[in-house]
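Report on the following structure.
The values are calculated or read from the model by the stated rules, or taken from the named source; none is laboratory data. Predicted model, so just to flag it, every value in this text is computed and none were measured. With ideal geometry, Cβ positions are generated from the backbone for all residues, glycine too; neighbour counts draw on all protein chains shown. Surface accessibility is based on the protein's heavy atoms, side chains included, excluding ligands, DNA and RNA. Shrake-Rupley method; radii C 1.70, N 1.55, O 1.52, S 1.80 Å.
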Amino acid sequence: EWKSYEEYKWVVDQFLNKGAQYFLFETLSNPIGLNEISSYIKSKNKEAYIICSFSIQSDGYTKEGIHIQDIISSLNKDKIDAIGLNCGCGVHHMHEILKEIGSFIQFISPNAGYPTVVNNRTQYQLDPDYFATEMISMMQKGIKMAGGCCGIMPSHIQALYNKIKQTS
């Protein structure tokens, strides 16, 4: 049995008691317990919307060595409403992984490239226009929810907003 189930149930109950209907489990490296807690949430509120998002590296594997395709196969899609990718890799590699695994992913939130350390500060160097162009390309392939993770700045979101307006 999943050891953290009771703790997750307690946290979920706190949110449900406050009227929460949307749940995002993110930056995960394995699917352990997601089917169980998602079933619990749906048993309490059939209208709840559940997103499970995984942090993958540029090769499509999590830090625990599990390929995203294996994770997708293990999830109960009757209880989990959307599967996503966030963190771990930049927009280019996330796009390449999406081409490989197909249409199971509905949510993406890549990093602004890869970090470099300058004067003891972590920085991301990805150009906002490049970020926006890659994001639009992924959204045109069926992504329904898009955002940004590590290193994303207001300029990245502004560039994405501008590209969405241009393509609408």
**Report entry** Hey, HIS92 in a helix (DSSP H, G or I) and open to solvent by 50 Å² or more (accessible area, probe 1.4 Å) or not
**Finding:** yes
Report summary line: In segment 95-123, anything under 28 Å from ASN76 (Cα atoms), among the polar types (S, T, N, Q) and either open to solvent by 60 Å² or more (accessible area, probe 1.4 Å) or part of a loop (DSSP other than H, G, I, E, B) (or both) is listed as SER103
Requested in this report: Residues being in a loop (DSSP other than H, G, I, E, B) and within 13 Å of the chain's Cα centre (by Cα): count how many of those fall in segment 1-29.
Outcome: 1
Report task. From (1) within 16 Å of TYR61 (Cα to Cα); (2) touching a Cys at 6+ places or on another chain (Cβ under 8 Å), pick out the condition that doesn't hold for ALA112. Result -> (1)
Report summary line: By residue number, the members of segment 124-168 that are small (Gly, Ala, Ser), over 19 Å from the mean Cα position of the chain (by Cα) and not in a helix (DSSP H, G or I) are SER168
Query raised in the report: In the list LYS79, LYS63, LYS3, which residue meets the criterion of being surrounded by 13 or more Cβ atoms within 10 Å (Cβ to Cβ) and basic (Lys, Arg)?
Result: LYS79
Report task. Scan segment 129-141 and give yes if some residue there is of a type outside the set (A, V, I, L, M, F, W, C) and under 29 Å from GLY33 (Cβ atoms), otherwise no. Result -> no
Requested in this report: Could you tell me which residue of segment 46-60 is farthest from GLY19 (Cα to Cα), considering only residues that are open to solvent by less than 30 Å² (accessible area, probe 1.4 Å) and part of a loop (DSSP other than H, G, I, E, B)?
Outcome: GLY60
